[in-house]
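The values are calculated or read from the model by the stated rules, or taken from the named source; none is laboratory data. As the structure is a prediction and not an experimental result, all values here were calculated from the model. Here the Cβ is made from the backbone with ideal geometry for all residues, glycine too, and neighbour counts use every protein chain on show.
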Amino acid sequence: MLRVLESVSLKAYPGQITTLLGSNGAGKSTTLACAQGLMRPDGGSIELLGQDPYGDNPELRARVGVMLQDGGLPPSMRPVPLLRHVASLYRNPVDIDALIQRLDLESFGSRNIRRLSGGQKQRVALALALAGDPEVLFLDEPSAGLDPQSRQVVFDLISELRDAGKAIVLTTHLMDDAQRLSDYVYIIDKGCTVAQGTVSELIARAEEGHDARPVSFSATAGLALPQPPLGLYLAETSAGQYRLDGVTTPEHLNWLTSWWARESILPTQLNLQSRSLEDVFLEFAQKEEQA
Amino acid sequence: MTQVSTESNAVSPLKRILIQGKYEALQMLSNGEQLILAVVMPMIALFVLTFTDLISDIAERTIDAAVPGVLALCVISTAFTGQGIGTGFDRRYGVLRMFSTTPLGKTGLIFGKVIAVLTVLVIQAVLISAVALLLGWQPNPWGIIPGILFLLLGAAAFTSLGLLIAGTVRPEATLAITNLAWILLAGAGGVLYPLSMAPEWLQPTLSALPSAALGDAMRDALIDGHFNSPGLIFLVLWAAAGSFAAIKKFKWN
C-alpha cells in the first residue's frame, strides 16, 4: 500500500488561519481528508472539535465546512439552487443572499455548473463550505484558478471569518497565499511536517546561519567594478543591474558605499534582500532531499 | 474548540432525507435521457405489447397481460439503470464526497436516493396505470396490494444492484453495463413476458434473475390475483445480497 503520510502533526485554533504549505503531491490534501473524516488513517490520532471525525456524525458535520479541491459540484445544477439546497440541511445557515452577493454568484447564476470557469466553480465551492455557518473551515487550495480580483474577494472573506473566530485550515502550494493569509504555517513535504511556525518565525529561523544576504542596486550600465574584499563577489547581472553577494557585516556595506563615494555613483535603486517564505520552503525541501 | 453546542446545527434526520430525496428526484426528472428511460420506453412497451399478439396468450385480454411486465420494467429503468448512471457520475465528479461533508453524510445520501427512486417509481406507476386504465386494463383487485409489495421489493433489489455497479466501476462502464442489462432483461429476462415463453434450456438460468422473479410475480398478482411466494424469496435474497455487496464494495471516490 502506498504510504502517503509519514509523520504529520498539526493543530488548528479558533480565530486563526492555519496553512498547510507544500508542493503538489506532498500530502496536503490527504492530511485534510483525514482531518475531515473522509478518510481513515492507518495510524495516529485525529480530533476534530474534540471528536473522531471519521464516519457519519451529522452533528459534527454541521459545525464543519469543507471546500474540496475538485469542488464536488454536480455539473447539471445551477449554482444558486445548489447552494440553497445545501443550506437547507442546516438549522442555522448563513445569510445565503448576502453570501451570494459577496461572492457574486448571480453574475453566472443562470448557467449550469458544467459551463462555469474554474474560478467561478471555486467561488461556488467556497460558498457551499460556508453555507452552514461552520465553526471550523477546511479549504483545499482555495485560490486555485481565481483571477486577481476574485482572489482578493476570497482572501478578504477568509480573513474576516478568521476575525470572527472561525478555525480555518487551508492548503496551498503558493507561497504568496501562505504569506498573505496565514497565522501559522506547517510546511509539508513527502508526507512529513518539516517545519512549522508563524510566517515571521519561519523566515527568521531560516536566516540563522545565513547571515549573508545579497545587495542589489541599479546604476549606470558598464561601471568598472573594483576588486571586493575576500568573501564578497560583485557582478553586473544585467545591463545597469548589479549584485553584491556575501554581505555579512556592516563593513561590507561600508566598502560598497565608499566605492560609490569615490566614483560619484548614486544608485537609482538599492535593495537589501530579505528572505521570503519561498526561500524558507525551498531550503526545507532541499534539506529533506539531502536527508 | 471543545465546547458542545446545545442544539445541533443539522436539521432532523428525517427532514434531511426528505430534502435530499426531493433534490435527487428533481435531478432525475430534469434529465432528458432519464425521462426517456423511465417513462417513454415503458410507454412504448405498453403500446407494443397491447396492440400486437406477442403475449396475448397469457391472459384473456392482451392489455391485462402487458401491464404487469411494463410496471416491472419501470422498476429496472429507475432503480437500476437511471439511478446507477446518476450515482456513477456523481461519484466521478466528487458530488458524493461533497455531500458526505454536509450533515447529510453517507447514510443520508443513500436514503435520499431511495426516496428519489420511490418518488419517480410512483410517478411512473401512476402514469402507466392511468394510460392502461384508459386502454381498458382490468387488474385483478386481489393482486393490487401484492403488486405494490413486489414493486417495492424489486426497487430494493435493483437499487442495491445499481449502487453496487455505480460504486465499483467507472461511470462510463456503469452507463454501458446498466443500459445493456436493461435491454437484455427487457428482451429476455422475464420482465415483459413470462419465462415459459423462453427456450426451455434457458429457463432455469433465467428464472434465477431478479427481473424474472419480479415480472412473474407481478403477472401472477395482477392477472390471477395469486401471490408468488418463490418470487418473494428470490427478490428478498437479491436485495439482501445486493445491499451486502454494495455496502462492502462501494467506493466513494
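Would a scan of segment B:59-69 turn up a residue that is free of Cβ contacts under 8 Å to residues at least 12 places away in the same chain, surrounded by fewer than 24 Cβ atoms within 10 Å (Cβ to Cβ) and under 22 Å from B:ALA188 (Cβ atoms)?
no
Give B:GLN20, B:GLN3, B:GLN34 a once-over and let me know the one that is closer than 25 Å to B:PHE158 by Cβ, at pLDDT below 95 and within 12 Å of chain A (Cβ to nearest Cβ).
Residue meeting the stated conditions: B:GLN34.
Within segment B:181-210, take every residue that is within 12 Å of B:LEU73 (Cα to Cα) and β-branched (Val, Ile, Thr) and give me the one that is surrounded by the fewest Cβ atoms within 10 Å (Cβ to Cβ).
B:ILE183
Would you please name the residue that is farthest from the chain's Cα centre (by Cα), looking only at residues in segment A:252-282 that are surrounded by 11 or more Cβ atoms within 10 Å (Cβ to Cβ), more than 30 Å from A:GLY22 (Cα to Cα) and not aliphatic (A, V, I, L, M)?
A:GLU263
Among the residues of segment A:179-201, count how many are touching a residue at least 40 places away in the same chain (Cβ under 8 Å) and on the phi > 0 side of the Ramachandran plot.
Total satisfying the criteria: 2.
Which one is surrounded by the most Cβ atoms within 10 Å (Cβ to Cβ) among residues in segment A:113-133 that are part of a loop (DSSP other than H, G, I, E, B) and within 14 Å of another protein chain (Cβ to nearest Cβ)?
Here the answer is A:GLY132.
Look at segment B:91-120 and say how many of its residues are hydroxyl-bearing (Ser, Thr, Tyr) and either more than 7 Å from chain A (Cβ to nearest Cβ) or in a helix (DSSP H, G or I) (or both).
Looking only at that region, the number is 3.
Show the residue pairs that are 6+ apart or on different chains and have beta-carbon atoms under 6 Å apart, the first residue being within segment A:253-278 and part of a loop (DSSP other than H, G, I, E, B), the second being of a type in the set (Lys, Arg).
Cβ pairs passing all conditions: A:GLN273/A:ARG213.
From the list B:GLY162, B:GLY143, pick out the single residue that is under 12 Å from the mean Cα position of the chain (by Cα) and assigned to a helix (DSSP H, G or I).
One residue alone meets the criteria, B:GLY162.
On the basis of being within 10 Å of another protein chain (Cβ to nearest Cβ) and of a type outside the set (D, E, K, R), does A:LEU99 make the cut?
no
Step by step: first the residues of segment A:13-33, then only those that are over 15 Å from the mean Cα position of the chain (by Cα) and closer than 18 Å to A:TYR184 by Cβ, then the one that is surrounded by the most Cβ atoms within 10 Å (Cβ to Cβ). Which residue is that?
Residue satisfying both the conditions and the ranking: A:THR31.
From (1) under 17 Å from the mean Cα position of the chain (by Cα); (2) in a loop (DSSP other than H, G, I, E, B); (3) over 23 Å from A:GLY25 (Cβ atoms), pick out the condition that doesn't hold for A:THR220.
Tallying (1) under 17 Å from the mean Cα position of the chain (by Cα); (2) in a loop (DSSP other than H, G, I, E, B); (3) over 23 Å from A:GLY25 (Cβ atoms), A:THR220 fails exactly one: (1).
List the number of the failed condition for B:GLY88; all other conditions in (1) closer than 30 Å to A:PRO134 by Cβ; (2) surrounded by 20 or more Cβ atoms within 10 Å (Cβ to Cβ); (3) within 12 Å of another protein chain (Cβ to nearest Cβ) hold.
(3)
Give me the residue from segment A:60-72 that is more than 7 Å from chain B (Cβ to nearest Cβ) and touching a residue at least 40 places away in the same chain (Cβ under 8 Å) and, out of that set, surrounded by the most Cβ atoms within 10 Å (Cβ to Cβ).
Per the stated criteria, the residue is A:GLY65.
Of the numbered conditions (1) without any contact (Cβ under 8 Å) to a residue 12 or more places away in the chain; (2) hydrophobic (A, V, I, L, M, F, W, C); (3) under 18 Å from B:LEU149 (Cα atoms), B:PHE227 satisfies every one except a single condition; which is it?
Failing condition for B:PHE227: (1).
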